[in-house]
2 protein chains.
Amino acid sequence: MQTKSREIRLASRPDGFPAPENYELAEVTHVEPGPGEVLVRNTVMSVEPYMRGRMNDTKSYVPPFALGACMQGGAVGFVVASNDPALPEGTWVQSMHGWREYALGKATEFQAIDTSLAPASAYLGVLGVPGLTAWAGLKHVGEMKPTDVVFISSAAGAVGAIAGQLVKLGGATAIGSAGGAEKVRYLTEKLGYDAAFDHKGGDIAAKLAKAAPGGIDLYFDNVGGEQLEAALGALKPFGRVAACGMISGYNDEMPGPRNMLQIVGKRLRIQGFIVVDYMKRIPEFLADVGPYLRSGKLVAPETYFEGIDTAPEAFDKLLRGGAHVGKILVRLAPEGTKP
Amino acid sequence: MQTKSREIRLASRPDGFPAPENYELAEVTHVEPGPGEVLVRNTVMSVEPYMRGRMNDTKSYVPPFALGACMQGGAVGFVVASNDPALPEGTWVQSMHGWREYALGKATEFQAIDTSLAPASAYLGVLGVPGLTAWAGLKHVGEMKPTDVVFISSAAGAVGAIAGQLVKLGGATAIGSAGGAEKVRYLTEKLGYDAAFDHKGGDIAAKLAKAAPGGIDLYFDNVGGEQLEAALGALKPFGRVAACGMISGYNDEMPGPRNMLQIVGKRLRIQGFIVVDYMKRIPEFLADVGPYLRSGKLVAPETYFEGIDTAPEAFDKLLRGGAHVGKILVRLAPEGTKP
């Protein structure tokens, strides 16, 4: 058996936003899996902000992507050929073998998922890294209380869309920011945010003050920069910042907030976190979030791009903040493909 | 009885560094204290960075100084006339009635101090706000461990001079920065710092990397700005910042660190604090620090200005970082004056 698979490789390291020439679409041919290996047909892959960091050749909490090699990232799919009894053909799995149509690897690099609980793609979103990030950032980093006013930037994004709903389900008040009127409407009309504003068009501090006139207790920071500065100004004494990502600084060196002195006077706490540190809490996460998902109280918006060749475009939209809402995914097999 | 007292009033609000015209030296005449009141001769007063904030007409954790009124701050002295049996004549006291030679007020506004334990001025330094700040910042905010490498900015200042010694007494490694070669020598030769560097003359990050080649675990931040940026770069994963003051930003709006993204990747924690929140821990503080002071293991450097009319100059030196080391004090009565 020979299986042709297209994959995206890192052709060169980007300076600023990645450009088409930084990627190469290549084709490889897989043969039968060896002992202990499986061949998986990926149906959906994920693009995530942290991948931009891996395109640089700098030390970070995850190693850089290698030049000329296939990129990596979360993906779901099913086993099409197996040489390991732990994962028979037809098993739905998730892995870090994204950016390719078929993945050949050790069975231990793939985890079986339960598609009776939710569609496979949910394991890349609400039940995966974005959901765990939202939950850990609010519960364990931000120590959210029901009386809190919580501000979330990038509030319609993969993490923000889940976080806003978890704020409301926890009894607290959710304020969100997003780029563009359409997304802002989506926040209040579909995701249940109490108030929302467009971070484009200036004076973020004034917009935040209008949305949260009494100030905020917790800021879930997905972007850094001006919104972090506005949040430091709006935080009440003893307020907290759960620093999840600073996407506005991934491509360029970004000046920090001019009002850092607020941290002292208001005794603020800024706590950075990354989701891998919370992997051991996945059972607690599923116990908290699973019931909301089953009862339909928590929805998981998704925006799809079609085909492996659209993955760079999907990643670009993610980094630039397009009109998408929720989790950005790339379909690697036609919708409905199954074992 | 009539007692003439000179005092410093806020004549106008400064823009940037306070200038001579922002102050007025005035003379008042006190009569006998009324019921429940005492008249205190101040011998020494303190200047502290937070006073700059009180010269602005902005909301903060302490109210602004009133225009035309005498300024306030820590002072020590002794009772010269009493109309309250709780504080008889001759009692040494501390109060917030600084910036004046004599203070008339309710006895409850003055606290008796034990000058057999340490000279009265120690209650403005190592046993007062700076000592409590250093101790609380290391122990309760920074959660210092004996294995920590601790970086302290403004390391020869009132807080830093105590903090560096407490780091060493706690078994950890102390790295300090100060302005000028003389102060830098003082850090390693007199205060026991393991390494020290001059923050003037550029490339603070390189100097910090040389002083602490393996990185730092805790940054005790007294200045903000470039040194905070260097510290964020040098902190190891899960490192902490005890944000005590950002004196470089008190006079002007200061751009924040350009490398805030480090907070996320390294899961750093920045925690602001102000000393008033730790007043209730003074017994614990005295239990920790008292023995070191009595045994001579902890020294409390002081720099004196002479006379109430030099108080603005002393404050200016504090804000600009002159060649002084330790606590800056202003003598309001000739050295040796006592009941």
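The values are calculated or read from the model by the stated rules, or taken from the named source; none is laboratory data. None of the values given here were measured: they were computed from a predicted structure. Methodologically, a virtual Cβ is constructed for each residue, glycine included, from the backbone with ideal geometry; neighbour enumeration extends over all protein chains shown.
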Does the range B:94-108 contain at least one residue that is of a type in the set (F, W, Y), on the phi < 0 side of the Ramachandran plot, surrounded by fewer than 23 Cβ atoms within 10 Å (Cβ to Cβ) and out of contact with any His (no Cβ under 9 Å at 6 or more places or on another chain)?
-> no
Test A:I274 against the criterion of being within 14 Å of chain B (Cβ to nearest Cβ) and at negative phi, and give yes or no.
-> yes
Does the range B:52-59 contain any residue that is touching a Leu at 6+ places or on another chain (Cβ under 7 Å), within 14 Å of another protein chain (Cβ to nearest Cβ), in contact (Cβ under 8 Å) with a residue 60 or more places away in the chain and not in a loop (DSSP other than H, G, I, E, B)?
-> yes
A:L268 being aliphatic (A, V, I, L, M), in contact with a Gly (Cβ under 9 Å, 6 or more places away or on another chain) and in the same structural domain as A:T115 (by TED's automatic domain parsing) = no
Test for B:F220: is it within 11 Å of chain A (Cβ to nearest Cβ) and among the aromatic types (F, W, Y) | no
First in the range B:313-339 and under 20 Å from B:A19 (Cα atoms) and in contact (Cβ under 8 Å) with a residue 24 or more places away in the chain, second anywhere and in a helix (DSSP H, G or I) and among the small types (G, A, S), Cβ under 8 Å, 6 or more apart = B:I328/B:A158; B:I328/B:A314; B:L329/B:S121; B:L329/B:A314; B:V330/B:A311; B:V330/B:A314
Give the residue that is farthest from the other protein chains (Cβ to nearest Cβ), with candidates limited to residues of the range A:16-51 that are in contact with a Gly (Cβ under 8 Å, 6 or more places away or on another chain) and assigned to a helix (DSSP H, G or I).
-> A:M51
Could you tell me whether the range B:321-337 includes any residue that is at positive phi, away from chain A (no Cβ under 14 Å) and in contact with a Ser or Thr (Cβ under 7 Å, 6 or more places away or on another chain)?
-> yes
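Scan the strands (runs of 3 or more DSSP E) fully inside the range A:65-106 and keep the ones with 1 or more residues being farther than 12 Å from A:L332 by Cβ and among the charged types (D, E, K, R). Break it down stepwise before answering.
Values: elements: A:75-82, A:92-95, A:102-106.
Here the list reads A:102-106.
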Considering the range A:129-170 alone, what residues qualify as being of a type in the set (S, T, N, Q) and closer than 17 Å to A:E302 by Cβ?
-> A:T133, A:S154, A:Q165
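Would a scan of the range A:323-337 turn up a residue that is of a type in the set (S, T, N, Q) and out of contact with any Phe, Trp or Tyr (no Cβ under 9 Å at 6 or more places or on another chain)?
no
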Looking only at the range A:130-154, count how many residues are in a helix (DSSP H, G or I) and of a type outside the set (K, R).
-> 11
Any residue in the range B:279-293 that is touching an Asp or Glu at 6+ places or on another chain (Cβ under 9 Å) and away from chain A (no Cβ under 14 Å)?
-> no
Inside the range B:1-24, the number of residues satisfying the requirement of being out of contact with any Cys (no Cβ under 6 Å at 6 or more places or on another chain) and surrounded by 14 or more Cβ atoms within 10 Å (Cβ to Cβ) is 14
